[in-house]
Amino acid sequence: MRFGIAGNTSKPLLWEPVATLLHWMHHQRIDYCLHPTIAEGLEKRQLIDLSMIELPSAENLGEEADIILSFGGDGTLLNTAHEIGTHQTPLLGVNIGRLGFLADVEVGQVQAAVEHILADHFRIEPRLVLAAEFIQNGQPHQYWALNEFVLARGSPLAMISLDVKVDGIPLNTYWADGLIFATPTGSTAYSLSVGGPIVLPGAEVIILSPLSPHTLTVRPIVLPAQSHIEVQVDAGDQEYLLAADGRSKMLDEQRLPITVRQAQHRIHLVKLLDQHYFQTLRNKLAWGVRQHKGPQP
């Protein structure tokens, strides 16, 4: 078993936990390789005695590691997933951020998590991925997202119109700031913040959540994962935005047909056997916790 180590190098809290883990892995004779930016950062900060511990780096962790530990938050894990592409190497998110649904192993538990993995006390969860496709100027474009796609206005001055068809049948014309196309994994991200439902990761569905719709009767809708969704945006003479897991592209062609459907590949997340999604919800959202109230006057 070879562990790959990636992380958000802009976080000051990254370095000491990674250095501590590497010292421990070295003494336990556990094989590992590092993202080049991690190796460079450790060497620069002199947190590792290079005469005793090697810092093997790998240009593509997806090819050289069996499991990748991603230190940061949910955004870091998404970046790691996009960096390894479609290699489908399982990812374990180690949380050194704030609210982590994907990175649900706290940094103080990472050594124990590695021991559980080495003892085969873990499972792999395949997660639904979405693909967005369109043809512009005769060139095909394709993107994928683990959390969500967002089509949104590029200007704060006006709403946009989004015509949506599902399997060729008109669903709605949304007058709104935009529309989120979320996976079950992404149901606790942007979609949740605009009133979308929480969906268990194993569900095979796509969630459509409008952003500030002009009509108050418009609500999020859950579609089967097999749905073929076509959307055309009319932003007048303004640009509009297509974002895939926060990676954005500006478009200016009005009523450009954009297709959203499930992708052909999955992203695989590592979960320890004592972890359950309900436990993550209770911990992260403080469900079941009584709010302390001070003495009544």
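What the table below lists for this structure:
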item	result
Residue, nearest to the chain's Cα centre (by Cα), within region 54-74, restricted to residues that are in a loop (DSSP other than H, G, I, E, B) and not charged (D, E, K, R)	Gly73
Positions within region 111-163 being among the basic types (Lys, Arg) and touching a Pro at 6+ places or on another chain (Cβ under 9 Å), in sequence order	Arg127
Single residue of region 14-53 satisfying the filter (among the polar types (S, T, N, Q) and either more than 16 Å from Leu69 (Cβ to Cβ) or not in a helix (DSSP H, G or I) (or both)) that is modelled with the highest pLDDT	Gln28
Filter result for Leu77 (surrounded by 14 or more Cβ atoms within 10 Å (Cβ to Cβ), at pLDDT below 90 and either of a type in the set (A, V, I, L, M, F, W, C) or part of a loop (DSSP other than H, G, I, E, B) (or both))	no
Some residue of region 140-162 being of a type in the set (Phe, Trp, Tyr), assigned to a strand (DSSP E or B) and either on the phi > 0 side of the Ramachandran plot or touching a Phe, Trp or Tyr at 6+ places or on another chain (Cβ under 9 Å) (or both)	yes
Looking only at region 235-261, and only at residues there that are polar (S, T, N, Q) and assigned to a loop (DSSP other than H, G, I, E, B), the one that is modelled with the lowest pLDDT	Gln238
Top-ranked residue of region 264-281 - restricted to ones that are at pLDDT 90 or above and not hydrophobic (A, V, I, L, M, F, W, C), ranked as farthest from Ala112 (Cα to Cα)	Gln264
Residues (small (Gly, Ala, Ser) and assigned to a loop (DSSP other than H, G, I, E, B)) located in region 199-234	Gly202, Ala203, Ser212, Ala225, Ser227
Close pairs (6 angstrom Cβ cut-off, 6 or more residues apart or separate chains): in contact (Cβ under 8 Å) with a residue 24 or more places away in the chain and in the same structural domain as Val150 (by TED's automatic domain parsing) in region 240-251, among the basic types (Lys, Arg) and part of a strand (DSSP E or B) anywhere	Tyr240/Arg153; Leu242/Lys249
Some residue of region 193-201 being of a type in the set (Ser, Thr, Tyr), at negative phi and in contact (Cβ under 8 Å) with a residue 12 or more places away in the chain	no
Region 103-130: number of residues that are assigned to a helix (DSSP H, G or I), of a type in the set (A, V, I, L, M, F, W, C) and surrounded by 17 or more Cβ atoms within 10 Å (Cβ to Cβ)	5
Residue within region 182-194 that is assigned to a strand (DSSP E or B) and farther than 29 Å from Glu106 by Cα present	no
Residue, modelled with the lowest pLDDT, within region 54-74, restricted to residues that are of a type outside the set (Gly, Ala, Ser) and within 13 Å of Asn8 (Cα to Cα)	Asp74
Checklist (1) part of a strand (DSSP E or B); (2) in contact (Cβ under 8 Å) with a residue 12 or more places away in the chain applied to Pro170, failing item	(2)
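The values are calculated or read from the model by the stated rules, or taken from the named source; none is laboratory data. Owing to the predicted nature of the structure, the values given are computational and were not obtained by experimental measurement. Reconstructed Cβ throughout: ideal geometry from the backbone, glycine too, with neighbour counts over all protein chains shown.
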